[in-house]
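To keep things clear, I will list the structure first and then write my remarks on it.
The values are calculated or read from the model by the stated rules, or taken from the named source; none is laboratory data. Fair warning: this is a prediction, and the values are worked out from it, not measured in the lab. Cβ coordinates were reconstructed from backbone atoms using ideal geometry, including for glycine residues, and neighbour counts include every protein chain displayed. What goes into the accessible areas is simple: the full protein's heavy atoms, side chains included, and nothing from ligands, DNA or RNA. Shrake-Rupley method; radii C 1.70, N 1.55, O 1.52, S 1.80 Å.
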Amino acid sequence: MVNTKVISIASVSGGGKTTLTNALSNRLRNAEALFFDNYDFKGEPEDLVGWVEEGPDYNQWKLDPLLSDMKSLQQQEDPPEYILLDYPFSYLNDQLRSVIDVSLYIDTPLDIAMARRLIRDYSHAESMEIHNDLNHYLKYGRRAYVEMETTIKQNADRMVDGSLPVSQMVETVLRELKKNEI
């Protein structure tokens, strides 16, 4: 019987969650990946900036659809050895806390994360769209990034240097998993 290990991967937007999750999924044998951004959750705040400013309540997010998919994977006749969660909250949501075996935080410098996000989101945009996004980040959005840096980061089990090439991040994580028998 396979004892599926759940690995949560967190970082700021543009920090490399999806890239690392996909790369690990390709390297680990018998792994499945789930992506937080593919779900709609009850309780999901409409205004993320306001949610952060009020003092974010990570339990406001009702993560039942994600948990249901995790359980379905674990109950398969041949369950995966690993479930990789591209998931921003580490252990801070009570629904997921008990099912995560290890939480990784990709520690990406904010300037690198912002550059990656702009490249990802605005490859065909007008300069005014980029200008408006940067203005919004400076006025409001940066608070959410700082929240992650001060709250999520300290709750993770392991740090991964987000300024490294993806291949080196993957090797770092694989060494950690092996060393800690995960």
Q: Please name all residue pairs, on different chains or six or more residues apart, with Cβ atoms under 7 Å, provided the first residue is in region 121-144 and is under 15 Å from L110 (Cβ atoms) and in contact (Cβ under 8 Å) with a residue 12 or more places away in the chain and the second residue is open to solvent by 60 Å² or more (accessible area, probe 1.4 Å) and in a helix (DSSP H, G or I).
A: R143/E53; A144/L48
**Q.** Hits in region 105-157 - residues which are of a type in the set (V, I, T) and either out of contact with any Leu (no Cβ under 9 Å at 6 or more places or on another chain) or closer than 23 Å to M169 by Cα (or both)
**A.** I106, T108, I112, I119, V146, T150, T151, I152
Q | Given (1) more than 13 Å from the chain's Cα centre (by Cα); (2) closer than 22 Å to G16 by Cβ; (3) open to solvent by less than 30 Å² (accessible area, probe 1.4 Å), index of the condition D111 fails | A | (3)
Q | Residue list for region 138-182, filter: among the hydroxyl-bearing types (S, T, Y) and either at pLDDT below 90 or open to solvent by less than 50 Å² (accessible area, probe 1.4 Å) (or both) | A | Y140, Y145, T151, T172
Q: Could you tell me which of the residues D107, D111, D121, D133 is charged (D, E, K, R) and in contact with a strand residue (DSSP E or B) (Cβ under 6 Å, 6 or more places away or on another chain)?
A: D107
Q | helices (runs of 4 or more DSSP H) within region 1-89 that include 1 or more residues in contact (Cβ under 8 Å) with a residue 12 or more places away in the chain, open to solvent by 20 Å² or more (accessible area, probe 1.4 Å) and among the acidic types (D, E) | A | 48-53, 64-74
Q: Scan region 90-103 for residues that are part of a loop (DSSP other than H, G, I, E, B), open to solvent by 10 Å² or more (accessible area, probe 1.4 Å) and farther than 16 Å from Y39 by Cβ and jot them down.
A: Y91, L92, S98, I100, D101
**Q.** Residue check, E126 surrounded by fewer than 13 Cβ atoms within 10 Å (Cβ to Cβ), modelled with pLDDT under 95 and charged (D, E, K, R)
**A.** yes
Q) Here are some residues: S167, S163. Which one is in contact (Cβ under 8 Å) with a residue 12 or more places away in the chain, on the phi < 0 side of the Ramachandran plot, of a type in the set (G, A, S) and not in a helix (DSSP H, G or I)? A) S163
Q.
Looking at the structure I just gave you, is A23 under 19 Å from L96 (Cα atoms) and not charged (D, E, K, R)?
A. no
